[in-house]
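Undergrad: Let me begin by handing over the structure; questions about it come next.
The values are calculated or read from the model by the stated rules, or taken from the named source; none is laboratory data. Worth saying up front: this structure is predicted, and the values here are computed from it rather than measured. Here the Cβ positions follow ideal geometry from the backbone for every residue, glycine too, while neighbour counts run over all protein chains shown.
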Amino acid sequence: MPVNLYECLILLDSTKVAGQLDEARGMLQTTMEKYQAEILISRVWDERRLTYPIQNQKKGLYYLIYARIESLKVKDIEADFRIVETILRFMVVKIDAKWEETMLTVGRDERTLAYHAMIDDSDGTDPMAGMGDDGPPRRGGRRQSNDSDMKD
């Protein structure tokens, strides 16, 4: 079976986890180890107010895990996550091999900006260079009139 790097972003019920973060961390780690996952990074990402209530909760604690997992065992891990009461939502994403080192670097240091990780390694150019202070071009801008567009 192929072993790949996966990013697991888990939204925990902050009211149930409050003051018991070590227990929640232990539960997540036990679940991952049950399926022989090699946990590389495991940390709290952020606590935020939710855009809309999930199971009547208005706040949630985001927890981030990077792990090497056999691809066939991911569905089993997701099935276990579904039955845990403290987990409101989760997302498990396979990381492409060419992005592994970059994602692990960003995952280890919460202050690392993802922007710096976007620099193309092939030619060393900054993908945002030449964009100016406004950033990338916006979609749906105003159409500029041209003299040739106006007819008598």
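Undergrad: Looking only at the stretch 1-16, filter to residues that are closer than 22 Å to residue 87 by Cα and aliphatic (A, V, I, L, M); which one of those is surrounded by the fewest Cβ atoms within 10 Å (Cβ to Cβ)?
TA: Of everything passing the filter in the stretch 1-16, 9 is surrounded by the fewest Cβ atoms within 10 Å (Cβ to Cβ).
Undergrad: Given the condition in contact with a strand residue (DSSP E or B) (Cβ under 7 Å, 6 or more places away or on another chain), at pLDDT 55 or above and not in a helix (DSSP H, G or I), answer yes or no: does some residue in the stretch 137-144 qualify?
TA: no
Undergrad: Then there's this: For the stretch 89-103, give me each residue that is under 21 Å from residue 35 (Cα atoms) and of a type in the set (A, V, I, L, M).
TA: The answer is 91, 92, 93, 95.
Undergrad: Return only the number of the condition from (1) in contact with a helix residue (DSSP H, G or I) (Cβ under 8 Å, 6 or more places away or on another chain); (2) farther than 20 Å from residue 17 by Cβ; (3) of a type in the set (D, E, K, R) that residue 68 does not satisfy.
TA: Of (1) in contact with a helix residue (DSSP H, G or I) (Cβ under 8 Å, 6 or more places away or on another chain); (2) farther than 20 Å from residue 17 by Cβ; (3) of a type in the set (D, E, K, R), only one is false for residue 68: (1).
Undergrad: Something else now. For the list (1) over 25 Å from residue 72 (Cβ atoms); (2) modelled with pLDDT under 90; (3) hydrophobic (A, V, I, L, M, F, W, C), I need the number of the one condition that residue 12 fails.
TA: Only one criterion is unmet by residue 12, namely (2).
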